[in-house]
Structure formats: C-alpha cells, structure tokens
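Inspection log for the structure reproduced underneath, given as structure tokens.
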Amino acid sequence: MHNEINKQALLKRQLSELNAIQKMQEENLLNLEDKNKENRQLLHDVKHYFLILKGYILNEEKQKGLDYIDGLLEEIEEKHFTLTGNGIIDTLLSFKSMQAKKKGIVIHYSVFFSGNKCCRNRYCLDFSQCFGQCH
C-alpha cells in the first residue's frame with residue numbers, strides 16, 4: 001500500500017511537470033506567432049520606406065530623402081532594441097519586455113556588460129532572479 005501511494009505521488013508530480021511543459025510550449029508558440037506577425041509588418045513597412053525613398057530619388061529630391069532617412073533612424077533608436085552582446089540575455093530581455101507590454105506594463109532598463117563576463121560572478125544569479133519574478 002505504501003508503494004502504491006508513492007507511485008501515485010510520482011505520477012501526480014510527473015503529470016504536473018508535463019502540464020507545465022505543455023503550458024510553456026503553448027506560450028512559446030504564441031510568442032512565435034506574435035514575432036511572425038511583427039516580421040510580416042516589418043517587411044511591409046520596409047517596402048513602404050523603399051518606395052518613398054525611390055520617389056525622392058526619381059524626383060531628384062536628395063535633401064527630402066536624407067531627412068526621411070534621419071527620421072527613420074530616430075524612430076528606430078526610440079524603439080530601444082536590446083543588444084547587450086550576450087544573445088541569451090538579449091532574448092530574455094526582449095521576451096520579458098514583450099510580456100510586460102502585453103500586460104500594459106511599461107519598463108525601462110539600461111544594460112551595461114563588458115564582454116561576456118556578466119554570468120561568471122554572483123550578479124548572474126541576481127539577474128536570473130529578476131526574470132523569475134516577471135510572470
């Protein structure tokens with residue numbers, strides 16, 4: 001009887017773990033779908049930008065073209081892309097930022113890393129704990 005109870009507890013724990021994995025996979029799929037939509041929108045936007053620039057070139061309006069490019073560059077800088085030099089941290093920051101945005105949470109962050117040394121000391125643990133709190 002004791003073995004039967006242990007087996008049931010083990011099966012219950014395994015089922016719970018499988019459910020957690022399934023939930024995580026479903027969230028990953030939704031995130032991939034969101035990224036796919038964003039990529040399609042980005043391609044549409046880039047095509048539009050090139051058509052506008054082509055028009056300026058054909059009309060020999062160099063200064064308007066340069067001003068348009070400057071405006072695009074400013075817009076890109078405002079979107080605050082994450083580039084820490086560490087692909088894993090970039091991905092985590094982008095993912096958690098996206099989750100926060102969906103919930104209407106505005107976050108601001110600055111990240112400064114020298115090389116790839118950030119996770120070779122105790123600060124990596126603190127950094128990972130920060131992400132663990134962002135459910």
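The values are calculated or read from the model by the stated rules, or taken from the named source; none is laboratory data. Predicted model only: the values in this text are computed from it and were never measured. Positions of Cβ are backbone-derived with ideal geometry, glycine not excepted, and every protein chain shown enters the neighbour counts.
Per-residue answers, yes or no, for (1) modelled with pLDDT under 75; (2) assigned to a loop (DSSP other than H, G, I, E, B); (3) touching a helix residue (DSSP H, G or I) at 6+ places or on another chain (Cβ under 8 Å):
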site	(1), (2), (3)
Gly65	no, no, yes
Leu72	no, no, yes
Glu77	yes, no, no
Val106	no, yes, yes
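With Lys37, Lys62, Lys54 as the choices, which residue is under 25 Å from Thr91 (Cβ atoms) and of a type in the set (Lys, Arg)? Before you say what the answer is, go through the steps one by one.
Values: Lys62 fails: under 25 Å from Thr91 (Cβ atoms); Lys54 fails: under 25 Å from Thr91 (Cβ atoms).
Criteria check complete, one pass: Lys37.
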Quick check: anything in region 32-41 surrounded by 10 or more Cβ atoms within 10 Å (Cβ to Cβ), in contact (Cβ under 8 Å) with a residue 60 or more places away in the chain and part of a helix (DSSP H, G or I)? yes
So, in region 41-63, exactly how many residues are more than 18 Å from Leu73 (Cβ to Cβ) and of a type in the set (S, T, N, Q)? 2
